[in-house]
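The values are calculated or read from the model by the stated rules, or taken from the named source; none is laboratory data. Just so it is clear, the model here is predicted, and its values are computed rather than measured. Cβ placement follows ideal geometry from the backbone for every residue including glycine, while neighbour counts extend to all protein chains displayed. Side chains included, ligands, DNA and RNA excluded: accessible areas come from the protein's heavy atoms. Shrake-Rupley method; radii C 1.70, N 1.55, O 1.52, S 1.80 Å.
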Amino acid sequence: MSMTTMIGVLAAIFSTICWIPQVLKTLRTREVKDLSLGTNVMVLTSVSLWLAYGLSLGEWPLILANIFSIICVGTIVLAKLAWGRA
């Protein structure tokens, strides 16, 4: 594995696992009033664009990381929409 790929893999790991605690807390507590819908929609849009970029380059670290991030952030956005915008 090249150094460039290794950096990409590490970046992918760290930038995606940061969403796990928020998703788990949101699902466990169903508390969404302090979560910003706008911010999470913007993050969802950005990781979707990063996925498109990764797909266009055929770079699996970008592809996998952003699929995982879309699932996590998408879960938060759906929870916010389902459980209230307050």
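Within region 33-50, does at least one residue satisfy the condition of being within 17 Å of Thr5 (Cβ to Cβ), more than 12 Å from the chain's Cα centre (by Cα) and in a helix (DSSP H, G or I)? The answer is no, given that none of the residues of region 33-50 is within 17 Å of Thr5 (Cβ to Cβ), more than 12 Å from the chain's Cα centre (by Cα) and in a helix (DSSP H, G or I).
I'm checking my understanding of the structure. Among residues of region 34-54 that are closer than 20 Å to Val9 by Cα and touching a Leu at 6+ places or on another chain (Cβ under 8 Å), which one is most open to solvent (accessible area, probe 1.4 Å)? Here the answer is Trp50.
Within region 55-65, the set of residues being surrounded by fewer than 13 Cβ atoms within 10 Å (Cβ to Cβ), not aliphatic (A, V, I, L, M) and not in a loop (DSSP other than H, G, I, E, B) comprises just one member, Ser56. Name the pairs: first residue in region 1-25 and hydroxyl-bearing (Ser, Thr, Tyr), second residue open to solvent by 60 Å² or more (accessible area, probe 1.4 Å) and assigned to a helix (DSSP H, G or I), Cβ to Cβ under 8 Å, at least 6 apart or on different chains? Hits for this filter: Thr16/Phe68.
To keep it simple, each residue is scored yes or no on (1) at pLDDT below 95; (2) farther than 22 Å from Met1 by Cβ; (3) open to solvent by 30 Å² or more (accessible area, probe 1.4 Å); (4) over 14 Å from the mean Cα position of the chain (by Cα).
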site: Lys25; (1), (2), (3), (4): no, yes, yes, yes
site: Arg28; (1), (2), (3), (4): no, yes, yes, yes
site: Cys72; (1), (2), (3), (4): no, yes, no, no
site: Leu78; (1), (2), (3), (4): no, yes, yes, no
site: Leu81; (1), (2), (3), (4): no, yes, yes, yes
site: Arg85; (1), (2), (3), (4): yes, yes, yes, yes
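Looking at region 32-55, can you tell me whether even one residue there is under 15 Å from Val77 (Cα atoms) and of a type in the set (Phe, Trp, Tyr)? No, region 32-55 has no match at all. Note on region 3-23: residues that are open to solvent by less than 90 Å² (accessible area, probe 1.4 Å) and either hydrophobic (A, V, I, L, M, F, W, C) or not in a helix (DSSP H, G or I) (or both) total 11.
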